[in-house]
1. Quick check on packing: order 169-180, 121-132 by the mean number of other C-beta atoms within 10 Å, highest mean leading.
2. What are the extents of the Cα atoms of the stretch 156-203 along their three principal axes, in Å, largest first?
3. In a Debye calculation with equal point scatterers on the alpha-carbon sites of the stretch 73-129 and no solvent, what is log10 I(q)/I(0) at q = 0.16, 0.26, 0.27 Å⁻¹?
4. For F72, which sequence-distant residues (separation of 5 or more, or a different chain) have an amide H within less than 5 Å of its own amide H, given hydrogens modelled in the peptide plane?
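Here, each number is a calculation from the coordinates, and none is a lab measurement. Since the model is a prediction, treat every value here as computed from it, not as a measurement. Backbone-built Cβ (ideal geometry, glycine too); neighbour counts: all protein chains shown.
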Amino acid sequence: MRCCGKENRAQVVTGQCPCDRTGDVPPRRAACTGSLMVILGLLPFCGGCLNPALFNQASGALFPTAPGDEPFLAVRVINDTTATLDVPIMYDDGLTYLSPLPPNPTFLITDLTPEVRETGVVLRWPVLRVALGDLDNPVLPAIVARLPEGQTAGAPFGHRALEVGVDYDRGDTIIFYINEDSRSAAVLTVSIGVIDGAAQGQPSRADPFEATRLLLEAGGF
């Protein structure tokens with residue numbers, strides 16, 4: 001595992017690393033991007049932000065914790081709050097979309113409860129930038145939190161968009177860890193960590209990322 005930062009793999013450049021302790025998709029785009037994303041709840045990921053080599057050693061190297069050599073970027077969202085969250089994952093795939101489609105694809109995670117705690121998506125490469133909400137406006141309250149008392153609050157991502165080659169590379173897993181302020185459940189903060197896909201070694205069981213790639217290729221994507 002490395003925290004965000006390519007030069008120093010133990011460095012945190014945006015927020016506190018989780019090792020120390022996330023608009024609807026338009027119908028037309030959903031038909032395309034929906035086939036290029038896999039809910040991580042179906043994949044055997046370890047909980048938290050872990051060193052992939054140590055995890056694979058402890059578990060017998062059964063499954064990968066990141067795409068590794070496969071052409072994907074995995075994004076996990078962890079809800080460590082008492083609220084139910086709606087979290088938009090926006091990314092730049094380098095393509096130009098015609099109006100009325102928004103300029104960047106968005107995958108909206110809805111109703112992420114404290115009990116479910118975490119989920120995510122697998123994005124097909126390339127992914128040039130990625131953020132929770134607007135890629136160019138980190139203070140926009142894009143994360144929607146429905147508190148146990150019934151109130152609804154908006155929270156910003158609070159960081160610049162993560163960039164390829166700076167914060168992550170092909171085959172990595174990004175972890176967005178959402179926590180609430182100890183003084184108020186309505187105040188949310190986002191911490192970021194990255195699992196280095198190149199450091200996890202060779203899994204000994206079937207690779208779900210490889211299976212996803214083969215499925216997409218069979219479908220003509």
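1. On the way: 169-180: 23.1, 121-132: 21.2.
Answer by packing, highest mean first, reads 169-180, 121-132.
2. Ordered largest first, the stretch 156-203 gives principal extents of 43, 24, 9 Å.
3. -0.56, -1.01, -1.05
4. Those lying under 5 Å, H to H, from F72 are W125, G171.
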